[in-house]
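Right, one structure below, let's go through it.
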Amino acid sequence: MANTDSARKRIRQTEKRTARNRARKSRVRTFLRKVELAIAAGDKGAAQEAFKAAQPELQKAADKGVMHDNTVARKLSRLSSRIKSLTSAQA
């Protein structure tokens, strides 16, 4: 257990930051799930809309340091290519 005032404050700050980061990660996962469901349904239009909504959330997570920049880039790239493949399969 923390003994000094500064150590107690650090614990409080860490708890707040952890809660905030957990909420951000959860929000990102929700947006990604919507894209995944649209892709699984084969609905290109819905998938594109969900992807457009998910992009800023992922970028925000990277900016805030919740997710690594390259992780976000990789996820966006893979989702984008999967959405594009929906068109070629239907064409």
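Let's see how each residue does on (1) closer than 30 Å to Ala2 by Cβ; (2) of a type in the set (A, V, I, L, M, F, W, C); (3) in contact (Cβ under 8 Å) with a residue 40 or more places away in the chain:
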| site | (1), (2), (3) |
| --- | --- |
| Arg24 | yes, no, yes |
| Phe51 | no, yes, no |
| Val66 | yes, yes, yes |
| Thr71 | no, no, no |
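I'd like the residue in the range 1-34 that is hydrophobic (A, V, I, L, M, F, W, C) and closer than 17 Å to Lys75 by Cβ and, out of all such residues, is surrounded by the most Cβ atoms within 10 Å (Cβ to Cβ). Checked the range 1-34; the qualifying residue surrounded by the most Cβ atoms within 10 Å (Cβ to Cβ) is Val28.
For the range 1-29, a residue qualifies if it is among the polar types (S, T, N, Q) and more than 18 Å from Gly65 (Cα to Cα), and the qualifying residues are Asn3, Thr4, Ser6.
Readers should treat all values here as calculations from the given coordinates under stated rules, not as data from a laboratory. Everything numeric in this text was worked out from a predicted model, so none of it was measured. Cβ sites come from the backbone with ideal geometry, for glycine too, and all protein chains shown count toward neighbours.
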